[in-house]
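The values are calculated or read from the model by the stated rules, or taken from the named source; none is laboratory data. Owing to the predicted nature of the structure, the values given are computational and were not obtained by experimental measurement. Cβ placement follows ideal geometry from the backbone for every residue including glycine, while neighbour counts extend to all protein chains displayed. Heavy atoms of the whole protein, side chains included, go into the accessibility calculation; ligands, DNA and RNA do not. Shrake-Rupley method; radii C 1.70, N 1.55, O 1.52, S 1.80 Å.
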Amino acid sequence: AKRGWRTLSLDKPVQFTGRITADEKGWTVDKAELNSSFIHGIAQGNLKSMKVSVDANLAAVMAEAGKFADMGKFAAEGTFNLDVAVEESAQSERNVTAAMSMKGLNVAGFTPLPVKLDYLTANIVAGIRTSAGGVSDIGPVVVNIISPVCSNNFSVTKIITGANPSDTVIEGWKTEGVLDLGRLVDLGRGMGVVAKDIECRGIMEVAGTAEV
């Protein structure tokens, strides 16, 4: 690509390699890999057993984007990781696990004030059952989130899907966690959803159960 009189190129070319096969049982990704200076991803498996992993660097993304466009006041840094695994536990039953982490998030220019978050991790474990080509119910579901702003454990015994969203039934909903109100307000102020003159400090513990 060219910008003005300069020829522009990425620090590291985006490369994709992979092999996908298909037969009467369905398709299989033997191994697919994406590589560049700002993202790396790997996928392998099929709908019964699949693993996907993605790593990204926001500073590298912005550096490469800045070669092709004037980013002006926009800036971002931090790392992102996502790992997802799907395993068939029995016929028409699958277990899904996902782990996401973010470190050193610092974003400026996109919101009124810079948005900063030292770290965030989220882990999800869920069981999924299918019937007649669709999802019949999901559960149990366990979600764990840890960050300086909040730490929360959330679980659902079962989510029974219906023909319409209004027909969905949620059984055994439970949550418990801790919120740092000062950090929450600071984060909201940076995102522009909390007024600059609002101040709030303290720790709030949250717990609840419900059937929907």
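For the chain, lysine pairs separated by 8 or more sequence positions, or belonging to different chains, with Cα-Cα distances below 26 Å total 24.
Only protein heavy atoms count here; under a 1.4 Å probe, residue 27 has an accessible surface of about 100 Å². Computed per residue of the chain from DSSP H runs no shorter than four, each worth -39500 (n - 2.57), the mean residue ellipticity at 222 nm is -3000 deg cm²/dmol. Expressed as a whole percent, the accessible area of the stretch 167-212 that falls on carbon and sulfur atoms is 58 (1.4 Å probe). Summarised as an ellipsoid, the stretch 116-162 has semi-axes of 29, 10, 7 Å, derived from the eigenvalues of the Cα gyration tensor scaled by 5 and square-rooted, with the largest first. Projected label points at residue 111 and residue 87, each 7 Å from Cα along the beta carbon direction, are separated by 3.7 nanometres. Using the alpha-carbon centroid of each, what span in Å lies between the stretch 9-65 and the stretch 126-190? That distance is 28 Å. Annotation: for a label point projected 7 angstrom from Cα along Cα→Cβ of residue 142, residues of the stretch 148-166 with backbone N closer than 19 Å are 151-159.
Between residue 95 and residue 169, the modelled label-to-label distance comes to 2.6 nm, taking each label 7 Å out from Cα in the direction of the beta carbon.
Taking label positions 7 Å along the Cα-Cβ direction at both residue 207 and residue 16, the computed distance is 4.9 nm, reported to one decimal.
Across the stretch 191-201, rounded Karplus estimates of 3J(HN,Hα) from the backbone phi angles (6.51 cos²θ - 1.76 cosθ + 1.60, θ = phi - 60°) give 7, x, 9, 10, 4, 5, 8, 8, 10, 7, 9 Hz, Gly and Pro being marked x. Computed over every Cα-Cα pair of the chain and binned at 5 Å starting from 0, the pair-distance distribution P(r) comes out as 1, 6, 10, 11, 13, 13, 13, 13, 10, 6, 2, 1, 0 percent. For the stretch 140-212, the Kirkwood hydrodynamic radius comes to 14.3 Å, computed from all pairs of different C-alpha atoms. Accessible surface calculations at 1.4 Å, restricted to protein heavy atoms, place the chain at 63 Å² per residue.
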